[in-house]
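To start, the structure itself, in structure tokens.
What follows is calculated from the coordinates using simple rules that are stated; it is not laboratory data. These numbers come from a predicted model, not from an experiment. Please note: Cβ atoms are built from the backbone with ideal geometry, for glycine as well, and neighbour counts cover all protein chains shown.
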Amino acid sequence: MAVTIKSAREIDLMREAGRLLGIVHEELGKAIHPGMSTKDIDKLGEELIRSFGCTPNFLHYQGYPASICVSVNDEVVHGIPHADHILKEGDIVSLDAGLIYKGYHSDAARTHKVGTVSPEAEQLILVTKQSFFEGIKNAKAGNHLYDISNAIDAYVTSYGYGIVTALVGHGIGTKLHEEPQIPNFAQRRKGVRLQPGMTLAIEPMINMGTAEVEWLDDDWTVVTADGAYSAHYENTILITDGEPEILTLPL
Ligand code: MF3
Ligand code: CO
């Protein structure tokens, strides 16, 4: 399967899928506070998604048991929400969410502070977010896919952080995961040529220490091998004739 190019009609549906997910993230961000459980976040997220008449695309995906991936501190991604996992002041919490609107998928992630966090954790969150924006400066028709990867790598590496290589971004559309895979680390090849109508989920996962990760016994939760904090930032974007369009913002 090659990289799909979306039609004008499909792009409109992807835009709406993205906009609604942007609202979900905005609301979840406002709700985060010490004392709430990671299950509370999942419940609120699922309610918001369903309130828009959409379906959570992560729920039951390859057996994943929740709608929102909630990953705290040294958890990188795919954390499973639990009623007995209570957020506390100083934690950082990565929320990864996605939904299906009229058959089209959106996917986005944010890392939030729980109350006041250490300056080091704050910097990790900001650099992870900025690395996405550094990457998409290159997300222009005529450039190559790995121009994005290389820009993320160069920016993150300048801070001495570890870039997770075990997981990557991806194309997205009528399926959550489409071609191409999008690494967040430098590549020797150029990758596919970017064309207008490609929709891509770009999602740097950045560790304060080592890039190495491990899986917990639940077979989902990815954690840093050294126990250091990790952050995640993701948007679904559209390649256009000009600047890329970030679809997963509330507008
Ligand atoms: N953003 C993640 C990804 O692109 C979300 C999938 S997690 C799962 O792979 F829960 F759906 F498995
Ligand atoms: Co994704």
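The gain in end-to-end length when the Glu179 to Arg9 segment is fully stretched comes to 59.2 nm, 0.36 nm per residue minus the alpha carbon separation. Less than 5 angstrom separates the built amide H of Val76 from those of Val222, Val223, Thr224, all sequence-distant by 5 or more or on a different chain.
Hey, with R₀ at 25 Å, roughly what FRET efficiency would Asp217 and Thr165 work out to, going by the Cβ-Cβ distance, to 0.05? Each step should come with its number before you reach the end.
Details: r = 22 Å, r/R0 = 0.90.
According to the calculation, E is roughly 0.65.
Residues of the range 175-196 falling in the label zone of Thr157, defined by backbone nitrogen less than 14 Å from a point 7 Å along Cα to beta-carbon, are 184-189. Straight-line cross-link reach from Lys190 at under 18 Å between alpha-carbon atoms covers these lysines, not counting any fewer than eight positions away in the same chain: Lys137, Lys140. Taking each DSSP H run with n ≥ 4 as -39500 (n - 2.57) and averaging over every residue of the chain yields -9000 deg cm²/dmol at 222 nm. Can you classify the chain as rounded, prolate or oblate using the Cα gyration tensor, where a ≥ b ≥ c are the square roots of its eigenvalues, rounded means a/c under 1.5, and otherwise it's prolate if a/b beats b/c and oblate if not? Cα axes put the chain in the oblate bin. Once backbone amide H atoms are built at 1.01 Å from N, His144 has Leu194 as its partners under 5 Å, excluding neighbours fewer than 5 places away on the same chain.
At a threshold of 8 angstrom on Cα-Cα distance, excluding pairs fewer than six apart, so keeping six or more, what relative contact order does the range 128-251 reach in percent?
Values: 284 pairs, mean separation 35.1, N = 124.
Normalised by residue count, the contact order of the range 128-251 is 28 percent.
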